[in-house]
Amino acid sequence: MNKIVTSLIALCMFTVTVQAAPVQPNQPLHWFGEQSNSYRSLTPYGNNTKAGHYVQSGDAKIYYEVYGSGKPVVLLHGGVVGSMAEMGQFADKLKESHLVIMVNTRGHGKSDIGTVLPSYKQKAKDLHEVFSALNISEADVIGFSDGAYTGYQFAADYPQKINKLVAIGAGEWAKGFVQGGRKDRNTPLQAVIDLDPRFWAEQAEIRPQQDRMAEWYKQANQQYDQTTVSESLFKKIHTPVLVLAGEKDMNAPLDTVITAYKMLPNAQLAIIPGAPHPVFVVNFDAVWASIAPFLGSK
C-alpha cells in the first residue's frame, strides 16, 4: 500500500504557508491521497459554480452542491482531509437516478469555519439547514468517517428527516480514542500538509478563511478529544443503518464497528475483507455491491 493511502488511514479523520496552485472555477479538484490510478470524476465536485449553493447555519455559511433528480441522497465526506471530491464516485453513480446533495462540513472546502467547536450535534444542525433550504422532507444519507458520525447524530436528532443511513468507517468511539493507532493528536498541521501538498494548495485557493486554518485544525482536534459515540446515541437511532467498514480499518477498528452494529436497533453489517479506512477508494465495487441493495430495499 502506498505512503499516501497509509497516511490517510492514520489521519483521515494554519498560520501555515501553502503554495497555492491557481484553481479556476469549475476545475476538478484533487482529493487527499489521490493517485494517478485513482478514480477521478470529470465533474468538479466542491468547485462547481453551476451546482453550488450556500445556506446560513448559525455563525457559518455552509456550502453544498446539488446534482440530478429523483429520491434525495446526501453525501458527507470525511474530516480534516475530507472533501466533496473524495465522494465523487458515489456522486457519479447516484446522480443518474437520484437527487444528490453534497455538503462541505464546517472548515472544509468552501464552508465557513464558524466560531463554535464543530461538534457532531452542530454538524447535524448544519445539515438540517441544508434540508430546510432545499425543502427536503426526507433523504438517505451516506457518510464516510467524520461524515458517518455526523450521520449518526443527524439520525438521532432529526429522525423524521432521514430514511436510511450508510455509515462507512465509523464505530463506537470511547472518549480519548485517537484514530490510526496513534497515542495523541499532536501531529503538526505541516506534517499533514506534507502528505499531499497538491491537495492543500488547491484547498487554500477555495477556502474562504484560509488565514484561520491553524485555528481550525486545533479546534477540530479539541472537539475530537471530547467526542464520545456510544450506546446512549446509538439506541436513539431507529433509522435503518448499514454499518460498513474495511476489515483493516485503523480509524474505526473492527471491534468498535461490530459493537456499534450490535447497539443500533435496526442495523445491517458489511465488512470488506482486507480493506483499510478509505474502503471505497481501494474496493469501490465491493462497497457499492453492499450499498445498492440496502438503499433499494423497502
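Quick notes on this one:
- Converting phi to 3J(HN,Hα) with the Karplus coefficients 6.51, -1.76 and 1.60 and the offset θ = phi - 60°, the range 208-224 yields x, 9, 4, 5, 10, 5, 5, 4, 4, 4, 5, 4, 4, 5, 4, 5, 4 Hz in sequence order, with x at every glycine or proline.
- Taking only protein heavy atoms and a 1.4 Å probe, the accessible area of the range 36-155 is 49% carbon and sulfur.
- Vicinal HN-Hα couplings computed from phi for the range 44-55 (Karplus, 6.51 cos²θ - 1.76 cosθ + 1.60; Hz; Gly/Pro x): x, 4, x, 8, 9, 5, 6, 9, x, 8, 10, 9
- Residues of the range 40-55 with an amide N closer than 18 Å to a point placed 7 Å from the Cα of residue 158 along the Cα-to-Cβ direction: 53-55.
- Under Karplus coefficients 6.51, -1.76 and 1.60, residue-wise ³J(HN,Hα) of the range 186-192 in Hz, glycine/proline x: 8, 4, x, 4, 4, 5, 5
- Relative contact order of the range 150-298, pairs being alpha-carbon contacts under 8 Å that are 6 or more residues apart, as %: 31 percent
- Beta bridges assigned by DSSP with both partners in the range 26-158 are antiparallel in approximately 50 percent of cases.
- Of all DSSP beta bridges in the chain, antiparallel share, percent nearest 5: 30 percent
- Average silhouette area of the range 125-216, convex hull of alpha-carbon atoms, in square nanometres: 7.9 nm²
- Of the listed residues 261, 120, the order by accessible area with a 1.4 Å probe, largest first, is 261, 120.
- Taking every protein chain into account, the accessible area of the range 91-175 amounts to 29 square angstrom per residue (probe 1.4 Å).
- The orientation-averaged shadow of the Cα convex hull for the chain, equal to a quarter of the hull surface, comes to 13.5 nm².
- Each label point was placed 7 Å from the Cα along the Cα-to-Cβ direction; for residue 27 and residue 218 their separation is 3.1 nm.
- Largest to smallest accessible area among 99, 264 [probe 1.4 Å]: 99, 264
- Listed residue pairs exceeding 19 Å between alpha carbons, taken from 164/235; 161/236; 71/93; 61/95; 61/236: 61/95; 61/236
- C-alpha center-to-center spacing [the range 168-202, the range 212-249] in angstrom: 13 Å
The values are calculated or read from the model by the stated rules, or taken from the named source; none is laboratory data. Fair warning: this is a prediction, and the values are worked out from it, not measured in the lab. Because the Cβ atoms are built from the backbone with ideal geometry, glycine has one as well, and the counts that use them run over all protein chains shown. Remember, those area values only see protein heavy atoms, side chains included, never the ligands or the DNA or RNA. Shrake-Rupley method; radii C 1.70, N 1.55, O 1.52, S 1.80 Å.
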